[in-house]
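Down below is the structure, laid out as structure tokens.
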Amino acid sequence: MPPLPEAELVRSSLQLYRYLLRCCRRLPPGPVQQHYRHAIRQSFKVHADEDDPERIQQIIKRAIEDADWVMNK
């Protein structure tokens, strides 16, 4: 499965959050979807206090790459 076309438009953490939840909807329903939704929420809680713009962009880039890997798995 290719990543959603909106991947290149993600610039903020809120956009990333929405993008990742949309990716989750494309996964098989049930425990797999629940696991990744929970992981997304937890990750956002852990990084909520991040204020370095460069670090935020690194996190966004890595999250999109990870989502792409999960979608292709």
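Taken one residue at a time, the phi angles of the range 27-36 give Karplus couplings (6.51, -1.76, 1.60, θ = phi - 60°) of 7, x, x, x, x, 5, 4, 4, 4, 5 Hz. Gly and Pro are set to x. Helix-only arithmetic for the chain: the sum of -39500 (n - 2.57) across DSSP H runs with n ≥ 4, divided by the residue total, places the mean residue ellipticity at 222 nm at -22500 deg cm²/dmol. Our summary gives the chain a relative contact order of 50 percent, counting only alpha carbon pairs under 8 angstrom and 6 or more residues apart. Using only the Cα atoms of the chain, each taken as one equal point scatterer with no solvent, compute I(q) by the Debye sum, divide by I(0), and report log10 of the ratio at q = 0.25, 0.27 Å⁻¹. After summing over all Cα pairs, the log10 values are -1.24, -1.40. Take the Cα of residue 39, step 7 Å toward its Cβ, do the same at residue 73, and the gap between the two points is 0.4 nm. Between residue 54 and residue 13, the simple spin-label model (points 7 angstrom out along Cα→Cβ) gives 1.9 nm. In the chain, the longest principal axis of the Cα atoms and the axis of helix 53-72 are about 10 degrees apart. Given a 1.4 Å probe and the protein chains as shown, residue 68 ends up with an accessible area of around 50 Å².
The values are calculated or read from the model by the stated rules, or taken from the named source; none is laboratory data. This one's a predicted model, so the numbers in the text were calculated from it and none came from an experiment. Ideal geometry is used to build each Cβ from the backbone, glycine not excepted, and the neighbour counts take in all protein chains shown. Surface areas here come from the heavy atoms of the whole protein model, side chains and all, with no ligands, DNA or RNA. Shrake-Rupley method; radii C 1.70, N 1.55, O 1.52, S 1.80 Å.
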